[in-house]
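One structure is given here, and the rest of the page talks about it.
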Amino acid sequence: MHHRAIAAAALAGVIVAASFALAAPGAPAHSHKRFAAGEPGDPKKPARTVEVVMKETDDGKMLFVPDQVEAKRGEQIRFVLKNVGKVDHEFMLDSVERNAKHKIEMQKNPDMEHDDPNGKRLAPGGTSEIVWRFSKAGTFEFACLIPGHYESGMHGKAIVKGATR
């Protein structure tokens, strides 16, 4: 019986290992997300700094200042985020389509916390940074996806121009 138990345990181990291999063939660990707007930057490399302020206005609008950033494909930007408003705000950099899907998820779970290299949630008075390398050309979006904030005007564009060669 002892040999059967060892054989059963070994077979179970093979089945578990095979199921992990089948679940994500060839995928490296922690590669569950691809980013539309490029990839996380390297904080040790030079980057242009762009300060982005999050705030509300007296007439009920919510916005980013600036609400448009231009970059060249391959450029790395250090976004310095500052929430000078009276409520939480977030900065999510992605495609318009992916932000729209994320916005639906946020409506279901408005207190959702983020641990993404392309987004940060900040409390009033909070500051943070995102270092981002724009490896793809195109027009992307940064937005606050907390329910009601996008609709109040809190979104902007990241326009990435192709190589000039």
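If you go through the range 70-98 and keep only what is closer than 18 Å to residue 134 by Cα and crowded, with 19+ Cβ neighbours inside 10 Å, you end up with 71, 76, 77, 79, 81, 91, 92, 93, 94, 98. Does residue 111 count as surrounded by fewer than 13 Cβ atoms within 10 Å (Cβ to Cβ) and either over 19 Å from residue 66 (Cα atoms) or aromatic (Phe, Trp, Tyr) (or both)? It is true that residue 111 is surrounded by fewer than 13 Cβ atoms within 10 Å (Cβ to Cβ) and either over 19 Å from residue 66 (Cα atoms) or aromatic (Phe, Trp, Tyr) (or both).
Each residue in the range 89-129 was checked for being among the charged types (D, E, K, R) and in contact with a strand residue (DSSP E or B) (Cβ under 6 Å, 6 or more places away or on another chain), and 4 pass.
The numbers here are math on the coordinates, done by the rules we state, and not lab data. A quick note: this is a predicted structure, and the numbers were derived from the prediction, not measured. As a convention, Cβ positions derive from the backbone with ideal geometry for all residues, glycine included, and neighbour counts pool all protein chains shown.
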